[in-house]
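A.B. asks: The structure is given below, and queries will be raised subsequently.
The values are calculated or read from the model by the stated rules, or taken from the named source; none is laboratory data. Computed from a predicted model, the values in this text were never measured in an experiment. Glycine also receives a Cβ, built like all others from the backbone with ideal geometry; neighbour counts cover every protein chain displayed.
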């Protein structure tokens, strides 16, 4: 055992000759810019609606906004909005949506389905793209037959969702 002890001590005292190796691995991330909406022009039904009369504003003559993006984006809105008046009263508006590459189009292209079905934008030239969404509406004759006179207001929320990265 006396001979074995120095040998064991010698084995423990010798440093281990483990081999190590290191190599880099690349990491990348692509951060998209935010979708921005600007240049809002409100949908306005004009100076006065005669009670019991249908009123229509086409998308080309209604509201619009510019949407800026750098990846394909789904744009959608509700199919209707309820306008309210201070002091009471509501008016329902059925919405119509269209889109165009310019903010001054007299004939924007209607969404393929309805406003809620949305429109998927395209990226033009693989770069930031500005596109325009147009908003029209119809107030039915029945919607204004028995409501108090006054100014009715409301908001339509436009939702933009990335569809690709």
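A.B. asks: What are the residues in the stretch 60-91 that are over 19 Å from the mean Cα position of the chain (by Cα) and assigned to a strand (DSSP E or B), if any? Explain how you work it out, then say what you get.
C.D. replies: Let us first name the residues in the stretch 60-91 that are over 19 Å from the mean Cα position of the chain (by Cα), namely 60-62, 82-91.
82, 83, 84, 90, 91 - these are the residues of the stretch 60-91 that are over 19 Å from the mean Cα position of the chain (by Cα) and assigned to a strand (DSSP E or B).
A.B. asks: When you scan the stretch 93-105, do you find a residue that is in contact with a helix residue (DSSP H, G or I) (Cβ under 6 Å, 6 or more places away or on another chain) and buried (at least 18 other Cβ atoms within 10 Å of the Cβ), even just one? Lay out the reasoning, then the answer.
C.D. replies: Going through the stretch 93-105, the residues in contact with a helix residue (DSSP H, G or I) (Cβ under 6 Å, 6 or more places away or on another chain) turn out to be 96, 98.
Restricting the remaining residues to those that are buried (at least 18 other Cβ atoms within 10 Å of the Cβ) gives 96, 98.
Yes: one or more hits.
A.B. asks: Which residue pairs have Cβ atoms under 9 Å apart, sit 6 or more places apart or on different chains, and have a first residue in the stretch 51-76 that is on the phi < 0 side of the Ramachandran plot and without any contact (Cβ under 8 Å) to a residue 24 or more places away in the chain and a second that is buried (at least 16 other Cβ atoms within 10 Å of the Cβ) and not in a strand (DSSP E or B)?
C.D. replies: No pair meets every condition.
A.B. asks: Here are some residues: 73, 82. Which one is modelled with pLDDT of 95 or more and over 11 Å from residue 137 (Cα atoms)?
C.D. replies: Details: 73 fails: modelled with pLDDT of 95 or more.
Among 73, 82, only 82 is modelled with pLDDT of 95 or more and over 11 Å from residue 137 (Cα atoms).
A.B. asks: Report yes if some residue within the stretch 50-59 is within 17 Å of residue 37 (Cα to Cα), in contact with a strand residue (DSSP E or B) (Cβ under 6 Å, 6 or more places away or on another chain) and assigned to a strand (DSSP E or B); otherwise report no. Spell out how you get there, then give the answer.
C.D. replies: At the first step, the residues of the stretch 50-59 found to be within 17 Å of residue 37 (Cα to Cα) are none.
No, the stretch 50-59 contains no residue that is within 17 Å of residue 37 (Cα to Cα), in contact with a strand residue (DSSP E or B) (Cβ under 6 Å, 6 or more places away or on another chain) and assigned to a strand (DSSP E or B).
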